[in-house]
Amino acid sequence: MLLLGIETSCDETAAAVIRDWSVLSNVLHTQSAHAEFGGVVPEIASREHLRLLPGIVREALAAAGVAVEDLDGIVFTRGPGLAGPLLVGAAFARALALESGKPLWGANHLEGHLAAVRLSHPDLRPPFLCLTVSGGHTELTEVGSDGSFLALGATRDDAAGEAFDKCGKILGLGYPAGPALSREAASGDSKAFPFPVGLRLEGLDFSFSGLKTAVSRQVKASGEMGAELRADLCASLQEAIVDALVLKSTRALRERGLPGIAVCGGVSANARLRARMAAAAEGIGAWCRFPEPGLCTDNAAMIAGAALWRMERGATGPLSTGVEPGLGLG
Ligand code: KG4
Ligand code: ZN
């Protein structure tokens, strides 16, 4: 199967070509036009996708050494995401499919994040636990041997990536703050500030909104912020987020008797999360898989992978050609 993937759900304009579970090319442009606004502006994102997509798709095909005629299908993200940006990707993919006569597939972005783990570990097979941690989602899902999805828990307020971004904003780290914050944290003391783990004793849901209040209060109380203090704050709040993710994941593994966990979404790039989750899983005899670093955050190879996984499970026709901004996993 030779598939072209197109991803436009947020502020990354991306196109990729995969052949079965091998990534032949993976081209990505992170829009910089949003930086001055401290977050993604949907209207600007739509216009940027429109401007950039033709060049990015051409580049992805060229880097893979294939032509549109060689493809077995064209896959775009149908949701979840920002409505305008999704529509631009869908319209572009539809036009390309019409012109070339190739089949068109609409893929679920969250299934895409999970497919990124399969692209990195082609032997990945259900059943397993999936932890999706991105800018918009924090979810624990049981993936059954038949490929079905069972929602086990989710955040009740902010997503884990959102917590990194909001706390990072308070600490003056720009947007998105996750990568910068984890770099700062590397030289800090994670025990310097005992930040709370929301819903520690309760079930499999998460809560991260208390963290930004606690960080904001600590920043005010600390006054002038030197490099050392900032590193300690970053390390401590990163530890609180990782604590919550590891605690609920191991609880779910035990309660559901699952053999392993696949962690995906932008936050799965976090080095501390990767180390602690791997150790915790090993501690209870479970396996633990992550996407390779380049496939953690939004990309188009994972979108093509989501469609491929569906095809393997027997989906025969186009999944959908409409967009669904509020789509959930499964
Ligand atoms: O999956 P993704 O690229 O986009 C969404 O679908 O949301 O995730 C982006 C999120 C952002 O919140 C970003 O701060 C976070 O992933 N992120 C990280 C790291 N790299 C990206 N958070 C913590 N540590 C990182 N290294
Ligand atoms: Zn994403």
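Ordered from largest to smallest accessible area (heavy atoms of protein chains, 1.4 Å probe), the residues D189, D205, D123 come out as D123, D189, D205. Relative to the longest principal axis of the Cα atoms of the chain, the long axis of helix 109-120 makes an angle of roughly 90 degrees. Taking 0.36 nm per residue of sequence separation and removing the Cα-Cα distance, the E36/L2 pair yields an extension gain of 8.4 nm.
Seen against the Cα atoms of the chain and their longest principal axis, helix 301-312 is set at about 70 degrees. The chymotrypsin sites (Phe, Trp or Tyr not before Pro) of the stretch 94-165 include none that meets both criteria, a DSSP state outside H, G, I, E and B (loop) and at most 11 other C-beta atoms within 10 angstrom of the site's C-beta. In a Gaussian network model over the chain where Cα atoms closer than 10 Å are linked, find which of A221, A64, A115 has the largest mean-square fluctuation. Largest GNM mean-square fluctuation: A221. Under the simplified labelling scheme, the D72-K191 pair shows an inter-label distance of 5.4 nm, with each label point 7 Å from Cα along Cα→Cβ. Where is the GNM fluctuation largest for the chain (alpha-carbon springs, 10 angstrom cutoff): L201, L140, L181? Looking only at L201, L140, L181, the biggest GNM fluctuation is shown by L201.
When the Cα gyration tensor is reduced to axis lengths a ≥ b ≥ c, the ratio a/c is 1.5 or higher for the stretch 54-147, and with a/b above b/c it is classed as prolate.
Each residue of the stretch 229-235 was assigned a 3J(HN,Hα) from its phi angle through the Karplus curve 6.51 cos²θ - 1.76 cosθ + 1.60 (θ = phi - 60°); the sequence is 4, 5, 5, 5, 4, 4, 5 Hz, with glycine and proline shown as x. Starting from the Cα gyration tensor of the chain, take the square roots of the eigenvalues, sort them a ≥ b ≥ c, and report rounded, prolate or oblate (rounded when a/c is under 1.5, otherwise prolate if a/b is larger than b/c, else oblate). In terms of gyration-tensor shape, oblate. Straight-distance candidates among the lysines for linking to K248, with alpha-carbon spacing under 23 Å and chain neighbours fewer than 8 residues away dropped: K166, K191, K212.
What residue among M311, M302, M277 has the largest mean-square fluctuation in a Gaussian network model of the chain, using Cα springs under 10 Å? Judging by the Gaussian network model, the answer is M311. Which GluC sites (Glu not before Pro) does the stretch 214-284 hold that lie in a coil by DSSP with at most 12 other beta carbons within 10 Å? For GluC sites (Glu not before Pro) across the stretch 214-284 that sit outside H, G, I, E and B with at most 12 neighbouring Cβ atoms in 10 Å, the list reads E224.
Working from Cα positions, state the angle (0 to 90°, nearest 10) between the long axis of helix 209-222 and the longest principal axis of the chain. Relative to the chain, helix 209-222 is tipped by roughly 50 degrees.
With +1 on each Lys and Arg Cβ and -1 on each Asp and Glu Cβ, how big is the dipole of the chain about its Cα centre, in debye rounded to the nearest 20?
Working: 29 positive and 36 negative charges, 92 e Å.
That gives the chain a dipole magnitude of about 440 debye.
Sketch the reach of a paramagnetic label on A315 as a point 7 Å from Cα along Cα-to-Cβ, and name the residues of the stretch 134-156 whose backbone nitrogen lies under 19 Å away. What the label zone holds, given the 19 Å backbone N cut-off, is 141-151.
The values are calculated or read from the model by the stated rules, or taken from the named source; none is laboratory data. Remember, it's a predicted structure, so these values are computed and weren't measured experimentally. Reconstructed Cβ throughout: ideal geometry from the backbone, glycine too, with neighbour counts over all protein chains shown. Calculation scope for accessible area: heavy atoms of the full protein, side chains included, ligands and nucleic acids excluded. Shrake-Rupley method; radii C 1.70, N 1.55, O 1.52, S 1.80 Å.
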